[in-house]
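First the structure, in the form of structure tokens, and then the observations on it.
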Amino acid sequence: MHSTRQPPLSPEALAQVNTALRRYWGYESLKPLQAEAIACAMAQCDSLTVLPTGGGKSLCYQIPPLLDGSLDVVVSPLISLMKDQVDGLRESGYPAAALHSGMTAVERRATQGTLRAGEIRLLFVSPERLMMEDFLGDLKHLAVRRFAIDEAHCISQWGHDFRPEYRQLAVLRKHFPSASLHAYTATATPRVREDIVGQLQLKDPALLVGCFDRANLMYRVLPKTDMREQAAQAIARHAGEAVIAYCLSRKDTEKLAAWLQARGVRAAAYHAGMEPEARHRTQEAFADESLDVVVATVAFGMGIDRSNVRCVIHTSLPKTLEHYQQETGRAGRDGLEAECVLFYSAADVMRWKSIMNKPPAEAPEPGTEADLEAARKIQLELLRGMQRYCTSARCRHKALSEYFGQSYDRPDCGACDVCLDEVEEVGDGTVLAQKILSCVARVGQRYGVGHVVSVLLGAETEAVRRAGHDGLSTYGLLKDSTASALTALVYQLVDQGLLARTEGEWPVLQLNEASAAVLRGERKVRLFQPRARLRKRTARGEKSMEGVDMELFDALRRWRQEECKRLGIPAYVIFHDTTLAELARARPVRVEDLIGIPGIGERKQARWGAAVCEVIAGRVPPGPVSPSP
């Protein structure tokens, strides 16, 4: 962890923080760097706080206005994100509100009335709404003390979700000279952090950077052979639990979701091209736990606060490590063990390059051509970083930590495919490579991957017969292989630079100097495949399920699911899995014993305490009961 120049919290202020923690959230202590971030806000010292997903950055801007009775404004990029946060805060008794385009005129007027009456401590708005002249004018009459810029990486061109409207936020300094600015993000390299500070014009800010390593996450990067079957195996390892499977295109999400549904998996697709009502239904079903698997494009996730996602699958390559860190960060936010598996193929790299190299749909405005070219080069550089992560045989935890500017000293993380030796070398890799390269030469270096694979397998297709390739010496040379496994090997050769693949709409395979060296036996080749069985690992998360009555835990989950469906709110708004796990470990049967259970504040104790104790009492044998710690 790293921090610079933040004022300390006084003993009195720290006592107030702890009182608020217990009252509204049911927690007894802060997480690392939260006290420092809160101290910056209380002292109105500009700050940039970088805490990984699950690190608790929201509390850093939620607590200060409670302590000094001020009105603070949170800039949030998505309606779903601000809506979920406001719902969760209100269920805890916290006076929060949002203003966004999804509200009715009546709802907006009611919210504005409570603002003018001084009843709101935290107001969530989008950057677009905040920048409206009328809205800025209204805010000036409300004595805003602080602005919290959530998802602050959106302000940087080097960030993975660059949004031009975030660049306008620097004008807050002019309109609100007495207010302090506080930027928050979960993913930011040193270059992005520098850009955030400069673009927001932060004044001598405190820099608070948490540990990027998510010890409770198991990282796997496996060669893509049969993506659907591989994804199904990963989902089966988490049967009945929450899984997000990311795909590159909308069509891919629909096909995979339909295929999983046909296999009896509670899955649904989610992408920006769906009707808003259909997207909302999927999101709500996932939030209330009546849906296990969401197959989605990156349009899904930023506004999802479900803490018990046990697996995140990438069926294709994310375009940056920032995207990867953000998307895998949606797994295991409760601190319990979760799996992140990425199925990699060099074909995905080429697909991304094709997308990035496409000319814009509309002619660029005069003078912007250089900016567009610079942005394209940035994206290609970030893509190369993602590719290096996938192809290097380095500890995944170490690689991610160092990418975000932090050292990683453990010699073996025990929680990634590399350290667990889950990818094995294919026997006779050089001979296999020579057979593939020979086939490329025999077909005249004029055909794509699919055709070369068909020839090597001895496939009886019209295309092979029409080209006369069923008479080649390489026809059927690898007939004992499978199309998916052989395709993966071809792309490994491309990835290693031992085989070239042209760009364009109809790419073909071609030999190069490295290919010739392999064919002459002057260069050895190593090819890899995933092991048939993946190893189990021991959780290194901050929490585990040790000592938890799993039957009681499942009963509490069922109660929570019924309750959230009845009320129409997400399951995590009631209780996170970690709270249910602690209930199933301590098994309190009296309402007064619930205080002290993490995640149960005064409001939730009053609202759900009796129902929870009834569920526990129905599962706990009669006898003396020890109060919960």
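The values are calculated or read from the model by the stated rules, or taken from the named source; none is laboratory data. On a predicted model such as this, the values are computed, not experimentally measured, just so you know. Here the Cβ positions follow ideal geometry from the backbone for every residue, glycine too, while neighbour counts run over all protein chains shown. Surface accessibility is based on the protein's heavy atoms, side chains included, excluding ligands, DNA and RNA. Shrake-Rupley method; radii C 1.70, N 1.55, O 1.52, S 1.80 Å.
General remarks:
- Peptides 248-261, 336-349 ordered by packing proxy, namely the average of other Cβ atoms within 10 Å per residue, highest first: 336-349, 248-261.
- The chain - mean residue ellipticity at 222 nm from DSSP helices (-39,500 (n - 2.57) per run, n ≥ 4, rounded to 500): -12500 deg cm²/dmol
- A Förster radius of 22 Å combined with the Cβ-Cβ distance from Gln496 to Val431 puts the calculated FRET efficiency at roughly 0.90.
- Listed by chain and number, the lysines whose alpha-carbon sits under 20 Å from that of Lys435, ignoring those within fewer than 8 places in the same chain, are Lys479, Lys524.
- Largest first, the residues Tyr246, Tyr491 sort by 1.4 Å accessible area into Tyr491, Tyr246.
- Point-to-point label distance, Arg531-Asp134, nm (Cα→Cβ direction, 7 Å offset): 6.4 nm
- Once the 1.4 Å probe is applied to the protein heavy atoms, segment 324-476 comes out at 46 Å² accessible per residue.
- On the basis of the beta-carbon distance and an R0 of 45 Å, Asp480 and Arg619 show a calculated FRET efficiency of 0.25.
- For the pair Lys524 and Ser178, the difference between a 0.36 nm per residue extended length and the Cα-Cα distance amounts to 118.0 nm.
- Nitroxide proxy distance, nm - points 7 Å out along Cα→Cβ at Ser354 and Ala262: 2.4 nm
- If you take the Cα centroid of segment 363-439 and the Cα centroid of segment 1-78, the two points sit 36 Å apart.
- In this view, the solvent-accessible surface of Arg531, computed with a 1.4 Å probe and all protein chains in place, comes to about 80 Å².
- Distance (nanometres) between label positions extended 7 Å along Cα→Cβ at Lys377 and Ala170: 2.2 nm
- Here the chain exposes an accessible surface that is 50 percent carbon and sulfur, computed with a 1.4 Å probe and the other protein chains kept in place.
- Cross-link reach list, lysines versus Lys377, counting only Cα pairs under 16 Å and skipping chain neighbours closer than eight places: Lys319, Lys353, Lys358
- Contact order normalised by residue count of the chain, Cα under 8 Å, 6+ apart, percent: 15 percent
- Once the C-beta distance of Ala117 and Ile79 is scaled by a Förster radius of 30 Å, the resulting FRET efficiency is 0.80 to the nearest 0.05.
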